[in-house]
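Notes for the one structure printed next.
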Amino acid sequence: MVKKYKDLISIIIRGKNESRWLKILLKELDKQTHQNFEIIFCDNLSSDNTLSVLKKHKVKKIIKIKKYLPGDVLNKAVQKCDGKYIAILSSHCIPLNNYWLSEYLEYFRKNYDIVAAFGKQLPLPGTSYQNLIDLDIIFKNEEIVYKRDPYLNNANSFFRAKILKKNKFNSKITNIEDKIWANKICNKGYKI
């Protein structure tokens with residue numbers, strides 16, 4: 001349910017043939033304590049039943065992508081966002097609890113100097129041993145505020161929309177669009 005008031009959150013979800021995870025993700029989003037959100041789905045030519053899952057959950061903003069360049073896709077999605085805040089998720093990143101959106105929102109309300117944040121990503125069933133190690137190294141159980149030499153991960157991230165709309169992702173690269181954006185934004189004096 002989308003209501004137009006100051007705390008609307010636009011959730012950008014990206015995926016290709018991930019209807020299995022998308023079914024779980026959309027059900028979990030329906031359980032969030034903060035229900036004032038819209039979903040913008042970026043579909044990279046899915047050939048499974050992704051579109052029918054989206055239709056069932058009444059997702060109206062769908063961007064069809066032929067050539068996937070993450071920054072380009074995100075920039076197109078950001079243009080369609082009406083929220084004061086923007087969350088970015090990969091289809092397989094399922095919120096751990098019903099407070100995912102409200103916790104981000106509360107943090108941003110208290111910390112005006114933070115323009116972007118990212119959350120811990122937990123391994124899924126079948127995650128490779130190497131990815132388990134990588135996730136353990138990257139995602140700590142403590143808050144880190146980056147002013148320089150930043151890190152950002154768009155699998156589960158949150159932004160102030162006005163900053164993201166003025167500072168776009170690099171639209172030509174094939175990966176690390178989040179890390180390049182984080183470096184650019186911290187060089188401008190913002191914090192992550």
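Just a few scattered comments:
- Take the conditions (1) crowded, with 16+ Cβ neighbours inside 10 Å; (2) modelled with pLDDT of 95 or more; (3) closer than 16 Å to residue 11 by Cα; residue 168 misses just one of them, which is (3).
- Unmet criterion (only one of (1) acidic (Asp, Glu); (2) modelled with pLDDT under 95; (3) more than 25 Å from residue 174 (Cα to Cα)) for residue 30: (2)
- Yes/no for residue 20 being under 18 Å from residue 92 (Cβ atoms), of a type in the set (Lys, Arg) and buried (at least 20 other Cβ atoms within 10 Å of the Cβ): no
- Of all residues in region 25-43, exactly one satisfies the criterion of being loosely packed, with under 15 Cβ neighbours inside 10 Å, within 17 Å of the chain's Cα centre (by Cα) and not in a helix (DSSP H, G or I), namely 35.
- Selected residue (criterion: surrounded by the fewest Cβ atoms within 10 Å (Cβ to Cβ)) from residues of region 44-82 that are more than 23 Å from residue 9 (Cβ to Cβ) and small (Gly, Ala, Ser): 47
- Residues in region 95-122 that are crowded, with 17+ Cβ neighbours inside 10 Å, of a type in the set (A, V, I, L, M, F, W, C) and not in a helix (DSSP H, G or I): 114, 115, 116, 117, 118.
- Taken over region 83-111, the residue count meeting the criterion of being farther than 12 Å from residue 13 by Cβ and of a type in the set (S, T, N, Q) is 4.
- Unmet criterion (only one of (1) touching an Asp or Glu at 6+ places or on another chain (Cβ under 8 Å); (2) among the aromatic types (Phe, Trp, Tyr); (3) surrounded by fewer than 19 Cβ atoms within 10 Å (Cβ to Cβ)) for residue 85: (3)
- Residues of region 152-192 satisfying the condition of being assigned to a loop (DSSP other than H, G, I, E, B) and either in contact with a strand residue (DSSP E or B) (Cβ under 7 Å, 6 or more places away or on another chain) or closer than 13 Å to residue 117 by Cβ (or both): 152, 153, 154, 155, 190, 192
Each row is one residue, and each column tells you yes or no for (1) without any contact (Cβ under 8 Å) to a residue 60 or more places away in the chain; (2) in a loop (DSSP other than H, G, I, E, B).
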{"site": "11", "(1), (2)": "no, no"}
{"site": "23", "(1), (2)": "yes, no"}
{"site": "55", "(1), (2)": "yes, no"}
{"site": "62", "(1), (2)": "yes, no"}
{"site": "73", "(1), (2)": "yes, no"}
{"site": "77", "(1), (2)": "no, no"}
{"site": "82", "(1), (2)": "no, yes"}
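- Pairs where the first residue, in region 173-192, is crowded, with 17+ Cβ neighbours inside 10 Å and the second is of a type outside the set (Lys, Arg) and in a helix (DSSP H, G or I), C-beta under 6 Å, 6+ apart: 177/70; 177/71; 192/182
The values are calculated or read from the model by the stated rules, or taken from the named source; none is laboratory data. Note that the structure is predicted; figures quoted are calculated from it, not measured. Glycine also receives a Cβ, built like all others from the backbone with ideal geometry; neighbour counts cover every protein chain displayed.
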